[in-house]
Amino acid sequence: MKRRSLGLLSAALILVPGAALAADPPAAPAPVQPAPTPPPGGWAGELDALSKWIADRGKGPSCAARCYTLERLTLSGRVGEGPLEFELVGRVLADGAVDVPLFGPPKEVRLEGVTENDKEAAIGFEGDKYFLHTSARRFVLKGKMTLGTDLTLQIPGPLNTLEADLASGAVVEGSRLSGIVGTTIHLNRQDKAAEAGPTVFQLSRAVRVGREISFEYRLVMRSGTDLGVVRLPLSLGEKVLDVTGATGFRVEGNELVLPTSGRTAEMTITGTLAKLGAMAPDARSGYEWWLLESDPEHRVAVTGDARQVDSAESPIPRSQPTSRLFLVQKGQKMEAAVTPLAAVDALAAVVQSHQRTVVLTARGDVVSQDYVTYENNGVDYLAYAPSGRPIFLSTSGKAERIMRQGADSEEILVPLRTGSQTVQVQSLSQTGLKPLFGTVTVPMPSYALTASRTDLTVGLPAGVFPLALLGGDRPKWAVEGSDLLVSGIGFAAGWAAVRPGPGTSPSRLRTMRILGGIVLASLWFLWQPGFVLSLIALGLWGLIWLVGVFAKGAARAAATIVLVGGLGLVGLIGLAAMSARSPMKSSDISYEPPPQRAAAPASTLGGKLEDDRLGNGWMGKGGGVLEGVTPVPLPLPGYRHSMSASRELVTKDRPFRPTLVYVTDTAVAPIAVLWLVGLVIVVSAHRGRIKDGYRRLRERLDHAAAAAPAEATAKAVEAPKDKEGEEE
């Protein structure tokens, strides 16, 4: 018996701390297990019960969701005249104690005398809410609360019902609410039944039409009593996004509910509209300001009896130059309709001029040089396909790195600066020339910008003669109207100059004159200086013949000297003019590159760089600028003949694709041989006249030589006679 008493005493000592812990349970107590079967008597049963209790105590809570329910919250008392009384009924669904969120925020709401089931409740707070720590299956929480100056109460919920049985004042959202989760309710000192509209109700509206229709309302209210809850009709189907100046808002049907506190309120309501329609002022407002604005892509048409006034009087700041302000008084209406305007694409960058020079060498190399002057206002890079391997790029005289979008891409990225700039691009490619004649498609670059004008000059080596350059605004020919006019003059001069002799038949004379005209006219295309000299010689011969017919003696000699000198001067002027002709007029233009060019800036790297070691002679396929090395442009090869063409308004859809028609000296050689044969035939037909002229020239020279001694002897004989006469 004594041993049993000692065992019971030990068990009691062990159970006393457990009972103390049970009176003050931890934040997460162990759930209560179903009542076990009575243990067997004696020490074994007592130890078994103790071990089960310890095991159950260490298991922790088993509730993860839906640990409690809040059935009803009842508020009573007078709003603004002291604390309100509340009663909260709820249940705990978990096994053990849980934390039940109540309301808040603690910094604005003060709780007093809170009891749970008529006992002192364990109340605490965390964050923006109070909580109750309880394990009661059903609890009734009673107490008093004092609200802050804004008279709001946050209820995290979920709360089934809210009942407000207030002696004075009201809940703005309603006295009977249900299904409350994360809601802030607003209390008003004035009873809802005694509420009246505000004394001052000024509403100004601004509607801005763009890609979407937005609105901004300014509402100013003043009253001698508390404003309470204000309801604003949403007659245009407004979607309210934000309300500034209100403690909270909600939309009920077609009305915006705005809870207020105090006797004055100023609010700014913003949101969007689906469309515009009929507009009328609020029934509580004597008049309203309506500010209508639209972007350049939309037009707003307004009809109705509203009066348009100066937009500078708008209480809402203007944001568009198209703003219009209307004053809508009570009883007036107006209607607005939006018309979208068709947008036209504009050019952010344009090429003002593009000058391209393409030089073909005898080996078939094609060296191209482009000067692109552009005006840019927003494009960062230009994808430029140079129709060859790019070797140099510069912007306004400053060398740039040659960058590609990919290793296999043919387009290079040209950085575009804002304003007016000039880009220089050089590239290399290959082509083939046929031995006699043929056509060559001149390579042209491609880019996305629109070029106002593109000028092209094609240079050819010696031995290759251009015949035509096609593809421009008008074809360019090696033989132009001026060439035909000059050759026609030559044909006429050759026709008139042929005089084979008196014994020539008329048919042979006509044939020889045609042949002479052809020989002299074709000389213009074979050798222009020789053509000019031939015309001068024929003109001089004709004028001397005319002088010999109409003048004698000293007059003929003087006229002959004047004519020879004048025609010689005219010939020199003609030769100088031909050598200075523009490439647009002639295809026989010679160009040689400058013998020297300005030295490149010195390298910033120390030591002497070896081109064969660093590979600076040619850039790689990707191009680029080596560090410390300034790229330099390649001088254009020399060319003997050239042709030029141009085209206005070149785009990617309307490209400039010129074609050059050429002939080589191999094909021209037989024509030159035929010309020599014709010249020999014409000269041989004048063989008799040439011999006769040569004979008469010799006779005149011999006569002049014989007449000189005779005149000298006669002067010597006459001299003594003159002296004798003087002596007498």
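Run down Thr115, Thr134, Thr146 and say which single residue is under 22 Å from Glu71 (Cβ atoms), surrounded by fewer than 16 Cβ atoms within 10 Å (Cβ to Cβ) and either hydrophobic (A, V, I, L, M, F, W, C) or out of contact with any helix residue (DSSP H, G or I) (no Cβ under 6 Å at 6 or more places or on another chain) (or both). Step through it out loud before you land on a result.
Details: Thr134 fails: surrounded by fewer than 16 Cβ atoms within 10 Å (Cβ to Cβ); Thr146 fails: under 22 Å from Glu71 (Cβ atoms).
After applying the criteria, what remains is Thr115.
I need the full set of residues from the stretch 137-163 which are of a type in the set (Gly, Ala, Ser) and either in contact with an Asp or Glu (Cβ under 7 Å, 6 or more places away or on another chain) or not assigned by TED's automatic domain parsing to the domain that holds Val79 (or both), in order please.
Gly143, Gly148
Looking at the stretch 298-368, what strands (runs of 3 or more DSSP E) fall wholly within it and have at least 3 residues that are under 30 Å from Phe392 (Cα atoms) and in contact with an Asp or Glu (Cβ under 6 Å, 6 or more places away or on another chain)?
By residue number, 349-360.
Look through Val220, Val200 and report the one residue that is more than 25 Å from Gln154 (Cα to Cα), of a type outside the set (Ser, Thr, Tyr) and without any contact (Cβ under 8 Å) to a residue 24 or more places away in the chain.
When all the criteria are applied, what remains is Val200.
Would you point out the residue of the stretch 84-113, among those that are part of a loop (DSSP other than H, G, I, E, B) and within 60 Å of the chain's Cα centre (by Cα), that is farthest from Arg72 (Cα to Cα)? Walk me through how you get there before you give the answer.
First, pick out the residues of the stretch 84-113 that are part of a loop (DSSP other than H, G, I, E, B): 93-97, 102-103, 105-109.
Narrowing the set further to residues that are within 60 Å of the chain's Cα centre (by Cα) leaves 102-103, 105-109.
Numbers: Leu102: 12, Phe103: 13, Pro105: 19, Pro106: 21, Lys107: 24, Glu108: 22, Val109: 19 Å.
Ranking the qualifying residues of the stretch 84-113, first place goes to Lys107.
Determine which member of the set Ser409, Ser420, Ser396, Ser387 is under 26 Å from Leu460 (Cα atoms) and among the polar types (S, T, N, Q).
Ser387
Regarding Pro340, is this residue surrounded by fewer than 16 Cβ atoms within 10 Å (Cβ to Cβ) and in contact (Cβ under 8 Å) with a residue 24 or more places away in the chain? First the steps, then the outcome.
Values: surrounded by fewer than 16 Cβ atoms within 10 Å (Cβ to Cβ): yes; in contact (Cβ under 8 Å) with a residue 24 or more places away in the chain: yes.
Here the answer is yes, as Pro340 does meet what is asked.
Scan (1) over 18 Å from His686 (Cβ atoms); (2) surrounded by 21 or more Cβ atoms within 10 Å (Cβ to Cβ); (3) among the β-branched types (Val, Ile, Thr); (4) in contact with a Leu (Cβ under 8 Å, 6 or more places away or on another chain) for the single condition Val519 breaks and write down its number.
Just one mismatch for Val519, condition (1).
Please determine whether any residue of the stretch 649-667 is charged (D, E, K, R), under 30 Å from Ser394 (Cα atoms), surrounded by 17 or more Cβ atoms within 10 Å (Cβ to Cβ) and at pLDDT 85 or above.
No; the residues of the stretch 649-667 include none that is charged (D, E, K, R), under 30 Å from Ser394 (Cα atoms), surrounded by 17 or more Cβ atoms within 10 Å (Cβ to Cβ) and at pLDDT 85 or above.
The values are calculated or read from the model by the stated rules, or taken from the named source; none is laboratory data. None of the values given here were measured: they were computed from a predicted structure. FYI the Cβ positions are ideal-geometry reconstructions off the backbone, even for glycines, and counts take in every protein chain you see.
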